[in-house]
Amino acid sequence: MSRLSPADPNSYSRPDQVMVLSLHLKWDVDFSRKVVSGTATLTVDHKQKDATHLILDTRDLTIKSVKDEETGQVLQYTLGEAHPNFGSQMKITLSSIVKKQFKVQIEYETSPKCSALQWLAPEQTAGKQHPYMFSQCQAIHCRSLVPCQDTPAVKITYTAEVNASPGLVVLMSALRDGEQKKGSSTTFRFRQPVPIPSYLIAIAVGALESRQVGPRSLVWSEKELVEKAAFEFSETETMLKTAESLCGDYVWGQYDLLILPPSFPYGGMENPCLTFVTPTLLAGDRSLTDVIAHEITHSWTGNLVTNSSWQDFWLNEGFTKFIERKIVECLHEEKNARHFSALGGWKELSECIRTRGEKDPLTCLVPDLTGVDPDDAFSTVPYEKGHTFLWYLETLVGGPSEFEPFLKAYLDKFKYQSITSEIFRSFLLEYFVDKKDVFDAVDWEAWWHTPGMPPIKPKFDEELAHVCKNLRKRWVEWDPAKKCPFHCDDLRNMTSNQVREWLAQLLEEEPLPVIKLEKMDELYNMSSRNNSEIKFRWLRLGLKAHWNNSVDEALKFVTEQGRMKFVRPIYRDFYEWKEMRQQAVAVYEANKDSMMHVAAYVVAKDLHINE
Ligand code: BES
Ligand code: ZN
């Protein structure tokens with residue numbers, strides 16, 4: 001039996017024995033077979049003199065050979081039994097190698113069902129001429145792309161040479177180091193000189209073009225979307241500067257954005273030097289760019305100071321949410337924007353905990369992930385409970401003027417490292433030694449290890465939420481037998497985020513009668529709105545009300561884009577609506593092969609398929 005690591009229950013690797021320091025990749029991208037093949041050369045360091053094996057994580061990889069790169073000597077290895085989520089342990093025997101540092105070259109290829117990659121046929125792209133491929137490694141999918149120590153506790157630098165056929169451009173989470181035509185293909189070179197955890201290795205291949213939007217930023221996408229994206233994300237440099245003022249220097253050199261095809265399963269992914277984002281952010285009015293502020297923030301929280309296992313995921317996401325909201329407030333000079341957004345986050349957290357159950361151990365801020373796939377644990381909890389905890393601490397120490405210098409010191413202290421919640425706590429207490437008494441009040445056990453809502457709700461200012469609340473109340477209380485008191489101008493003075501919040505509040509109520517939804521649609525043109533966050537909540541209101549009008553639109557929405565934040569709740573709503581359940585399952589079955597692995601995997605669970 002292969003044993004998982006005591007330090008990281010989601011990895012087989014044992015970096016305490018032998019640790020990987022850097023990686024060189026030589027890859028061919030083969031669209032006809034849907035595989036990446038080539039070599040991964042790992043520079044490794046013998047940490048424990050008597051360690052006899054290098055242990056790596058793999059998943060669905062075909063290993064062809066393993067050698068000591070310098071001598072060419074073949075190295076023996078075994079592949080353990082495949083766990084459906086964690087993959088197979090690869091154990092390479094090192095007994096013949098005596099040097100402290102050496103290079104292991106692994107020749108291998110990925111499987112067409114590689115969980116980190118999605119392969120799209122030309123018809124599935126905007127341009128329809130060229131195929132497309134992209135990766136999503138977080139949390140534990142890197143092992144299906146490269147044999148590696150797939151734990152965020154290990155940080156490596158990497159270089160890569162990737163061959164692709166004409167018309168295609170290769171991008172990675174690294175600095176671009178030039179390209180060269182070679183026969184019928186082009187080789188693209190990359191270099192990531194800052195040590196990163198495996199989950200930040202990323203690649204995209206497609207007919208990509210770019211436009212400069214700032215001194216260190218290009219926006220990349222298929223040419224059909226480049227202009228729109230350049231407009232939408234024109235605030236990138238301002239956001240970077242604001243982030244630097246809060247967090248310290250930006251160490252990654254370049255900050256580019258790549259707009260992926262609609263099946264990209266997340267809103268954004270903080271791949272270093274090249275954030276990946278969903279095209280559902282292209283609202284046309286820059287109203288959804290808080291996601292960019294979020295991914296920029298990860299350049300510090302996550303990418304520089306990293307959770308050492310997925311159990312400490314809130315150190316990545318809670319801190320990022322917390323700083324993201326400070327950046328957005330600063331950028332838009334909107335008084336109380338941070339409170340407004342935090343209030344919305346609190347509501348999302350309570351919905352999440354209501355759905356998962358308040359006793360669910362995975363609603364702990366620091367959960368035990370022994371035997372648990374991080375994709376199953378993923379939720380709003382690390383984001384919003386983490387954010388609320390930091391908000392609480394900020395208030396406790398006397399507000400931003402005290403807490404922001406602490407944040408900077410924390411990021412500086414732990415940059416280039418991976419840390420646990422416990423290490424964060426020690427540093428916090430050490431930094432605020434003279435405030436020792438205030439920390440005696442903190443119930444760490446309740447915040448970190450108790451499921452359910454946080455023990456304390458901060459006082460969020462409700463000023464910006466006021467119009468939303470009023471309008472919600474009026475719609476809930478209106479008796480449709482009486483005269484309609486609403487007007488098409490009701491939403492005129494609300495920002496799109498306030499409209500989104502108003503719908504979110506209505507979703508907390510008992511389902512509205514269909515007649516009210518019809519009236520809303522007639523007055524406010526709800527069905528023709530294209531802002532994805534608004535559309536998402538509007539469709540959900542319809543499904544909860546069992547409004548037949550919403551069915552086709554909602555099924556279309558979950559088919560034409562694959563962002564899990566939108567797709568999962570809608571499929572769950574369909575599941576709850578018994579008469580529609582079968583139809584939704586059929587749509588999922590027909591569509592699952594064009595979904596990314598992780599999305600298909602979690603939606604199957606949401607629909608209770610194969611149980
Ligand atoms: N790093 C996450 C995305 C992620 C988390 C991918 C876990 C795989 C496993 C990214 O930074 C993120 O949080 N994205 C959010 C955006 C946001 C503003 C909260 C999303 O995708 O919606
Ligand atoms: Zn994030």
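Quick rundown of the values:
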{"item": "Tally, over region 284-296, of residues that are of a type in the set (Lys, Arg) and within 9 Å of ligand 1 (Cβ to nearest atom)", "result": "0"}
{"item": "Residue within region 397-405 that is more than 22 Å from Thr151 (Cα to Cα), within 16 Å of ligand 1 (Cβ to nearest atom) and in contact (Cβ under 8 Å) with a residue 24 or more places away in the chain present", "result": "no"}
{"item": "His387, sole failed condition from (1) in a helix (DSSP H, G or I); (2) more than 16 Å from ligand 2 (Cβ to nearest atom); (3) of a type outside the set (Asp, Glu)", "result": "(2)"}
{"item": "Extreme residue, farthest from the chain's Cα centre (by Cα), among residues of region 329-368 that are among the basic types (Lys, Arg) and either more than 21 Å from Lys605 (Cα to Cα) or in a helix (DSSP H, G or I) (or both)", "result": "Lys335"}
{"item": "Any pair with Cβ under 9 angstrom, 6 or more apart, that starts in region 362-376 at a residue that is touching a residue at least 60 places away in the same chain (Cβ under 8 Å) and of a type in the set (D, E, K, R) and ends at one that is within 16 Å of ligand 2 (Cβ to nearest atom) and outside any loop (DSSP other than H, G, I, E, B)", "result": "Asp375/Val598"}
{"item": "Members of region 297-314 that are in contact with a Phe, Trp or Tyr (Cβ under 7 Å, 6 or more places away or on another chain) and either under 12 Å from Leu246 (Cα atoms) or within 12 Å of ligand 1 (Cβ to nearest atom) (or both)", "result": "Ser299, Thr301, Asn307"}
{"item": "Only listed residue being touching a Pro at 6+ places or on another chain (Cβ under 7 Å), modelled with pLDDT of 95 or more and surrounded by fewer than 18 Cβ atoms within 10 Å (Cβ to Cβ), chosen from Glu579, Glu518, Glu522, Glu560", "result": "Glu560"}
{"item": "Filter result (polar (S, T, N, Q), under 26 Å from Leu349 (Cβ atoms) and in a helix (DSSP H, G or I)) within region 512-570", "result": "Ser532, Ser550"}
{"item": "Val74 being modelled with pLDDT of 95 or more, surrounded by fewer than 17 Cβ atoms within 10 Å (Cβ to Cβ) and not small (Gly, Ala, Ser)", "result": "yes"}
{"item": "Residue among Leu4, Leu25, Leu56, Leu42 that alone is crowded, with 17+ Cβ neighbours inside 10 Å, closer than 19 Å to Leu117 by Cα and not β-branched (Val, Ile, Thr)", "result": "Leu25"}
{"item": "Flag for Lys413 being at pLDDT 95 or above and not in a loop (DSSP other than H, G, I, E, B)", "result": "yes"}
{"item": "Scope region 406-448; condition in contact (Cβ under 8 Å) with a residue 60 or more places away in the chain and loosely packed, with under 14 Cβ neighbours inside 10 Å; matching residues", "result": "Tyr416"}
{"item": "Members of region 289-336 found to be among the hydroxyl-bearing types (Ser, Thr, Tyr), over 17 Å from Asp8 (Cβ atoms) and within 13 Å of ligand 2 (Cβ to nearest atom), listed by number", "result": "Thr297, Ser299, Thr301, Thr320"}
{"item": "Candidates Leu281, Leu257, filtered to the one that is crowded, with 21+ Cβ neighbours inside 10 Å, within 14 Å of ligand 1 (Cβ to nearest atom) and in contact (Cβ under 8 Å) with a residue 60 or more places away in the chain", "result": "Leu281"}
{"item": "Considering residues of region 349-361 that are surrounded by 16 or more Cβ atoms within 10 Å (Cβ to Cβ) and free of Cβ contacts under 8 Å to residues at least 40 places away in the same chain only, the residue farthest from Met453 (Cα to Cα)", "result": "Arg356"}
{"item": "Matching entry among Ser96, Ser144, Ser198 (being under 17 Å from Val29 (Cβ atoms) and either surrounded by 18 or more Cβ atoms within 10 Å (Cβ to Cβ) or not charged (D, E, K, R) (or both))", "result": "Ser144"}
{"item": "Residue match in region 167-183 (condition: crowded, with 18+ Cβ neighbours inside 10 Å, in a loop (DSSP other than H, G, I, E, B) and either among the charged types (D, E, K, R) or within 16 Å of ligand 1 (Cβ to nearest atom) (or both))", "result": "yes"}
{"item": "Index of the failed condition, Ala441 passing every other in (1) over 30 Å from Ile140 (Cβ atoms); (2) modelled with pLDDT of 95 or more", "result": "(2)"}
{"item": "Residue selected from region 99-132 under the condition touching a His at 6+ places or on another chain (Cβ under 9 Å) and assigned to a loop (DSSP other than H, G, I, E, B), by the criterion modelled with the lowest pLDDT", "result": "Lys99"}
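The values are calculated or read from the model by the stated rules, or taken from the named source; none is laboratory data. These figures come from a predicted structure and were not determined experimentally. Positions of Cβ are backbone-derived with ideal geometry, glycine not excepted, and every protein chain shown enters the neighbour counts.
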